[in-house]
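To keep things clear, I will list the structure first and then write my remarks on it.
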């Protein structure tokens, strides 16, 4: 088919805008990567846009020597692992029970769960509750309140209902306990749901810093994301003084440390990104079909 | 037939499915502690509650005659906080809602599948990084002191001195909206792309035969076909508007991007509640402030629902 003038114009507009979108999205990431591999003091002189001018890996050496960052990294890894396992197990178990049509009082239960999604007491009453149950200022405050993800309970109800009854029935004939049926039969056929929930939960845990700001005041319990926030305040105060440029002994600036921490914190996500992208898209669709 | 063992009547049936009931109970206990108890805890907004008195203090403390609400409404910061809360939410909705639809339409017009996949993959990326990283990256690119883009524009002679994008009250709204669009557009486009891919190709052929060009087909076929998806997303976005819509928290933006220079436009009600409650320890007052935000939120949803009904004849609920 011959291209008309309109076709040409539409094609050009589409390609130019999408190239622009790709550039605007990618360039900030690229810039921060360069900044992390350029000498800190040199970077402050400006003019580095495409590739590092004075290449160095010293920023990373310095980063991994700091006990503060290492402790933050440890907490982040731990909460991501433990939080994800707890969320996946608990949310899918509850959701499975609620998905069963033969569950007595099922409609009442499901109604209670859906309503709870839309109302919330807000920050302060939640804080008071955490204080009363003794979660305040413990590691558990990161992983216990997030165990039940109400949105995924609803997604799960729809998902588990799509498993043929005969599959579940086959387990029951062997006289297995419900919990055995759940772990041996239901979970293995629920991979798309489990994967989506696990990935959402892991990204959420890895990125979280607000809960640490709200509910924790012990430094050894701070995740890496929290240190990045406190770094922000330090950077603002240090860049306003120009002293840092004069002393040649300083190799690392607050800015270069910050850039390095961004890259370190993005690294796990970038590594798994190509693989998890597929699942995220699927998960988004499971959720939206529900409407 | 299904689950013969779990059928039956009353107590017998209940006993047979006790394990399943247990699963549900665990969930309900969790809800009771982390959802319903805080809801009940809202009562402290109306009382002279001190956090040191624990649970019993909630019952024994005196009613305070709405004094915290009065204090908040008459506070000199009230009008400013209310304005920021509403302006940021509404502006964000206006820009972050159509952007993904436009991106999805652009992507669906690309015939080279490699390029389409590339742009799509790239555009999801910002959704997976936290607002903290967004802040840090923005600071490196846009700040007055070290921002590379400010720097470049000064060097090229476009502007005389760096723009105080991150440190002036004049720029906060556009900064918050711009970054939200950057962060959420690609991800939100997924739903619309899926809806577009579900459109019957025969409709496009028919439209071509009737003489519709590419724009005509977008206008007369694609858009009407994805109307359902558009309305669904609009419902979700309006519902969560004050919290920051589908893809981002207004509180996080206000907390991270707010500073002593721009607090006049950056502070929102939630941020104020945080400052008062957890920083200054005025728990009951902060609860009252937070409650005001919830009330505004519900009001906004009701108003927008009414407008939606008037315009399209189709309400959200």
Only one of A:153, A:186 is surrounded by 17 or more Cβ atoms within 10 Å (Cβ to Cβ), more than 20 Å from residue A:75 (Cβ to Cβ) and within 9 Å of another protein chain (Cβ to nearest Cβ), namely A:153
Worksheet item: Looking at the stretch A:140-162, is at least one residue farther than 27 Å from residue A:81 by Cβ, out of contact with any helix residue (DSSP H, G or I) (no Cβ under 8 Å at 6 or more places or on another chain) and modelled with pLDDT under 90?
Response: yes
The residue from B:285, B:251 that alone is within 30 Å of residue B:102 (Cα to Cα) and touching a helix residue (DSSP H, G or I) at 6+ places or on another chain (Cβ under 7 Å) is B:251
*asked:* Please verify whether residue A:69 is more than 10 Å from every other protein chain (Cβ to nearest Cβ), within 30 Å of residue B:143 (Cβ to Cβ) and not in a helix (DSSP H, G or I), treating the condition exactly as stated.
replied: no
Residue count, the stretch B:265-317, condition more than 30 Å from residue B:59 (Cα to Cα), at pLDDT 90 or above and assigned to a helix (DSSP H, G or I), comes to 2
Within the stretch A:48-66, the residues that are in a helix (DSSP H, G or I) and touching a residue at least 12 places away in the same chain (Cβ under 8 Å) are A:58, A:59, A:60, A:62, A:63
The condition of being at the interface with another protein chain (Cβ under 7 Å from one of its Cβ atoms), assigned to a helix (DSSP H, G or I) and exposed (fewer than 15 other Cβ atoms within 10 Å of the Cβ) holds, among A:26, A:18, only for A:26
Task: Condition check for residue B:164: touching a helix residue (DSSP H, G or I) at 6+ places or on another chain (Cβ under 7 Å) and outside any helix (DSSP H, G or I) - done: no
Residue A:11: passes all of (1) surrounded by 20 or more Cβ atoms within 10 Å (Cβ to Cβ); (2) more than 27 Å from the chain's Cα centre (by Cα) but (1)
Of the residues in the stretch A:199-218 that are assigned to a loop (DSSP other than H, G, I, E, B) and in contact with a helix residue (DSSP H, G or I) (Cβ under 8 Å, 6 or more places away or on another chain), the one that is nearest to the other protein chains (Cβ to nearest Cβ) is A:209
Open item on the list: Whether any residue in the stretch A:108-130 is on the phi > 0 side of the Ramachandran plot, surrounded by 15 or more Cβ atoms within 10 Å (Cβ to Cβ) and facing chain B (nearest Cβ under 8 Å) is what I want to check.
Closed with: yes
Restricted to the stretch A:29-46 and to residues being farther than 30 Å from residue B:105 by Cβ and within 7 Å of chain B (Cβ to nearest Cβ), the residue surrounded by the fewest Cβ atoms within 10 Å (Cβ to Cβ) is A:46
For helices (runs of 4 or more DSSP H) lying entirely in the stretch B:1-78, having 2 or more residues that are modelled with pLDDT of 80 or more and facing chain A (nearest Cβ under 7 Å) picks out B:18-31, B:37-41
Q. Quick check, is residue B:179 free of Cβ contacts under 8 Å to residues at least 40 places away in the same chain and in the same structural domain as residue B:92 (by TED's automatic domain parsing)?
A. no
Checked A:61, A:77, A:94, A:88 against criteria (buried (at least 18 other Cβ atoms within 10 Å of the Cβ), out of contact with any strand residue (DSSP E or B) (no Cβ under 7 Å at 6 or more places or on another chain), more than 12 Å from chain B (Cβ to nearest Cβ) and farther than 27 Å from residue B:178 by Cα); the one match is A:88
Quiz prompt | Any chance residue B:236 is surrounded by fewer than 20 Cβ atoms within 10 Å (Cβ to Cβ), within 25 Å of the chain's Cα centre (by Cα) and in contact (Cβ under 8 Å) with a residue 12 or more places away in the chain | solution = no
- Query: Would you call residue A:215 surrounded by 22 or more Cβ atoms within 10 Å (Cβ to Cβ) and within 30 Å of residue A:69 (Cα to Cα)?
  - Reply: no
Residue set B:146, B:122, B:110, B:154; condition outside any helix (DSSP H, G or I), at the interface with chain A (Cβ under 10 Å from one of its Cβ atoms) and surrounded by fewer than 19 Cβ atoms within 10 Å (Cβ to Cβ); output residue B:110
Residue B:172: passes all of (1) surrounded by 14 or more Cβ atoms within 10 Å (Cβ to Cβ); (2) within 14 Å of chain A (Cβ to nearest Cβ) but (2)
Considering residues that are buried (at least 19 other Cβ atoms within 10 Å of the Cβ), outside any loop (DSSP other than H, G, I, E, B) and more than 11 Å from chain B (Cβ to nearest Cβ), the number found within the stretch A:219-229 is 1
Check: Quick check: anything in the stretch A:118-133 assigned to a helix (DSSP H, G or I), at pLDDT below 95 and more than 30 Å from residue A:230 (Cα to Cα)?
Finding: yes
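The values are calculated or read from the model by the stated rules, or taken from the named source; none is laboratory data. Please read all numbers here as calculations on a predicted model, not as lab measurements. Note: ideal-geometry Cβ built from the backbone for every residue, glycine included; neighbour counts use all protein chains shown.
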